[in-house]
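Visitor: Sending over a structure as structure tokens; questions will come in a sec.
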């Protein structure tokens, strides 16, 4: 059982920043990654649509005989993690809880900012998770819809990303936060720009690393951790455009991506 | 037969700039508009996926008993118009041919630029159409992926849109073009910004108006033109997020949008 792969999915390529952390924290695990590139972005879509897509991604990964699933997408986690955990028996981990825990540990003045897609921010998922741990913390959300296309265009460190960040984040600066959660898996690539706009008094929280650690804990608890694996296998599946996935994705993963296959995801 | 409505579809809300022109040129026609907002954007998707989506949009409109179809989306026209015309009996009109004709009429130095999504530019659809009319014209394409999210964010006339336009268009300026086709239905909302960057020596071509005139000609030729209609009916269908469609769409259409219904488009 512990030799089975882990399944990881995202609406597209952003989840590769989470995959990267999982590879580092759990170097003995085989992993199957699915990116729903035919239906990206999930951010602006309704809860019903995101939940349907999330279930289809999980149904597909289950055909790959996986032992656990990571929803490496803030929108899908925010909209559908709980419904998915109710529906399926396999352990399912999202990215929101880990980010929320870290933000609570980091903030001193109990004022936390969260940036993400419209779907993530409107769901108030981070606010809810943070409130469960410490109800005295004030969480302020701000959607930043242009960040994803800016990153995918390769304009992460340009005057345009800086101006967009200034427009989006000036509100949050005025709110005197001291921690800011990067609530979208694309945003770690904008870390420098966001940090420049927010200044050194605000700590940026990247949920990807914490999610990988959470996954390790769950696998240990369930006796599913793989001890040894000299040659871990990574398989990639996408619902559209494998060439583009490879080209943009290698910048996210910081390593080569091979073994990319096409999936007709609407059939699952 | 001539009292049946016209069907118009787009990957989302951009097609409303075409609908606006059709309403003005053909004020007696009833119209059914479908926006595939659950699967927008079509621009970066593969030819196979765009064709599948296009056929589903047409299948849906056919259930509304329409007399003609306008593909008010440059990507879908560029990728799939010919396949659709082969497959279906109803008259189907795209936006590319009309834009190409106008560009040929406008250019004096026979150097035409085309901007659009990756899908439209990679298809070389405008280049092919323009080449059919005048093979001496040099057509230079440039994809501008960030323009659509900038427009949808409501940042059409800002420093950010100007900087993005400068980045994308400086290449084209160096190529000494004298006509520039706005090969994406969102781009008319960036007319001022694009015009400022390109300068007064370059004429901007908006295919929407010409498409509406083409449609009128086709309806006349096929005896499908409606002469009188005191109270034309406009019905709107979307595959996701009717509220957001209304909110952003009214800025495109410059009039109120009511009567918006949800469609499960993947079933068609």
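The values are calculated or read from the model by the stated rules, or taken from the named source; none is laboratory data. Everything numeric here is computed off the predicted structure, so don't read it as measured data. With ideal geometry, Cβ positions are generated from the backbone for all residues, glycine too; neighbour counts draw on all protein chains shown.
Visitor: Would you check which residues across the range A:104-120 are buried (at least 24 other Cβ atoms within 10 Å of the Cβ) and part of a helix (DSSP H, G or I) and list them?
Guide: Correct list: A:119, A:120.
Visitor: Looking only at the range A:150-178, count how many residues are at the interface with chain B (Cβ under 10 Å from one of its Cβ atoms), within 21 Å of the chain's Cα centre (by Cα) and over 25 Å from residue A:248 (Cα atoms).
Guide: Here the count works out to 0.
Visitor: Which of the residues spanning the range A:214-249 are touching a strand residue (DSSP E or B) at 6+ places or on another chain (Cβ under 8 Å) and under 30 Å from residue A:110 (Cα atoms)?
Guide: Once the filter is applied, which keeps residues that are touching a strand residue (DSSP E or B) at 6+ places or on another chain (Cβ under 8 Å) and under 30 Å from residue A:110 (Cα atoms), the range A:214-249 yields A:214, A:215, A:218.
Visitor: Looking at the range A:133-154 only, could you name the residues that are under 23 Å from residue A:178 (Cα atoms) and in a helix (DSSP H, G or I)?
Guide: A:133, A:147, listed by residue number.
Visitor: Tell me which residues, restricted to the range B:188-208, are farther than 16 Å from residue B:95 by Cβ and either within 14 Å of chain A (Cβ to nearest Cβ) or out of contact with any strand residue (DSSP E or B) (no Cβ under 9 Å at 6 or more places or on another chain) (or both).
Guide: B:192, B:193, B:196, B:197, B:199, B:200, B:201
Visitor: Restricting attention to the range A:250-268, and to residues there that are assigned to a helix (DSSP H, G or I) and more than 14 Å from chain B (Cβ to nearest Cβ), which single residue is surrounded by the most Cβ atoms within 10 Å (Cβ to Cβ)?
Guide: My answer is A:252.
Visitor: Is it the case, given these coordinates, that residue A:93 is at negative phi, surrounded by 23 or more Cβ atoms within 10 Å (Cβ to Cβ) and within 14 Å of chain B (Cβ to nearest Cβ)?
Guide: When the stated conditions are applied, residue A:93 does not pass them.
Visitor: Can you find, within the range B:14-40, the residue that is surrounded by the fewest Cβ atoms within 10 Å (Cβ to Cβ) among those that are more than 14 Å from every other protein chain (Cβ to nearest Cβ) and assigned to a loop (DSSP other than H, G, I, E, B)? Talk me through it step by step, then tell me what you get.
Guide: The initial filter retains those residues of the range B:14-40 that are more than 14 Å from every other protein chain (Cβ to nearest Cβ), namely B:14-34.
Imposing the further condition that a residue be assigned to a loop (DSSP other than H, G, I, E, B) reduces the set to B:14-15, B:26-30.
Numbers: B:14: 30, B:15: 30, B:26: 19, B:27: 10, B:28: 13, B:29: 25, B:30: 18.
Applying the filter and picking the extreme gives B:27.
Visitor: Give the residues of the range A:133-169 that are surrounded by fewer than 16 Cβ atoms within 10 Å (Cβ to Cβ), more than 28 Å from residue B:143 (Cα to Cα) and in contact (Cβ under 8 Å) with a residue 12 or more places away in the chain, sorted by residue number.
Guide: A:133, A:134, A:136
Visitor: Only one of B:185, B:211 is in contact with a strand residue (DSSP E or B) (Cβ under 7 Å, 6 or more places away or on another chain) and either within 14 Å of chain A (Cβ to nearest Cβ) or under 25 Å from residue B:247 (Cβ atoms) (or both). Can you tell me which? Outline the logic, then answer.
Guide: Details: B:211 fails: either within 14 Å of chain A (Cβ to nearest Cβ) or under 25 Å from residue B:247 (Cβ atoms) (or both).
From the options B:185, B:211, the qualifying one is B:185.
Visitor: Is it the case, given these coordinates, that residue A:219 is under 16 Å from the mean Cα position of the chain (by Cα), in the same structural domain as residue A:67 (by TED's automatic domain parsing), in a helix (DSSP H, G or I) and within 30 Å of residue A:130 (Cβ to Cβ)?
Guide: Considered against the rule, which asks whether it is under 16 Å from the mean Cα position of the chain (by Cα), in the same structural domain as residue A:67 (by TED's automatic domain parsing), in a helix (DSSP H, G or I) and within 30 Å of residue A:130 (Cβ to Cβ), residue A:219 comes out as no.
Visitor: Being closer than 26 Å to residue B:147 by Cα and modelled with pLDDT of 95 or more narrows it down to one residue among B:72, B:78; which is it?
Guide: The unique qualifying residue is B:72.
Visitor: On to the next question. I want to confirm something. Restricting to the range A:58-79 and keeping residues that are part of a loop (DSSP other than H, G, I, E, B) and surrounded by 24 or more Cβ atoms within 10 Å (Cβ to Cβ), which single residue is farthest from the other protein chains (Cβ to nearest Cβ)?
Guide: That would be A:72.
Visitor: Here's something else I'd like to know. Scan (1) within 29 Å of residue A:157 (Cβ to Cβ); (2) part of a loop (DSSP other than H, G, I, E, B); (3) away from chain B (no Cβ under 14 Å); (4) touching a helix residue (DSSP H, G or I) at 6+ places or on another chain (Cβ under 9 Å) for the single condition residue A:240 breaks and write down its number.
Guide: Condition not satisfied by residue A:240: (3).
Visitor: Hey, another quick one. Can you tell me how many residues in the range B:1-13 are farther than 15 Å from residue B:77 by Cβ and assigned to a loop (DSSP other than H, G, I, E, B)?
Guide: Total meeting the criteria: 6.
Visitor: Next question, about the same structure. Looking only at the range B:41-57, count every residue that is more than 13 Å from chain A (Cβ to nearest Cβ) and surrounded by fewer than 23 Cβ atoms within 10 Å (Cβ to Cβ) and tell me the total. Break it down stepwise before answering.
Guide: From the range B:41-57, those more than 13 Å from chain A (Cβ to nearest Cβ) are B:54-55, B:57; that's our starting set.
From what's left, surrounded by fewer than 23 Cβ atoms within 10 Å (Cβ to Cβ): B:55.
Of the residues in that region, 1 qualify.
Visitor: Restricting to the range A:158-193, and then to whatever is in a loop (DSSP other than H, G, I, E, B) and out of contact with any helix residue (DSSP H, G or I) (no Cβ under 6 Å at 6 or more places or on another chain), can you tell me which residue is nearest to residue B:163 (Cα to Cα)?
Guide: Of everything passing the filter in the range A:158-193, A:158 is nearest to residue B:163 (Cα to Cα).
Visitor: Which numbered condition in (1) farther than 30 Å from residue A:243 by Cα; (2) assigned to a loop (DSSP other than H, G, I, E, B) is the only one that residue B:101 fails?
Guide: Result: residue B:101 passes all but (2).
Visitor: Next question. Is it the case that the range B:83-90 has a residue that's in contact (Cβ under 8 Å) with a residue 40 or more places away in the chain and either outside any loop (DSSP other than H, G, I, E, B) or within 14 Å of chain A (Cβ to nearest Cβ) (or both)?
Guide: Checking the range B:83-90: not a single residue is in contact (Cβ under 8 Å) with a residue 40 or more places away in the chain and either outside any loop (DSSP other than H, G, I, E, B) or within 14 Å of chain A (Cβ to nearest Cβ) (or both).
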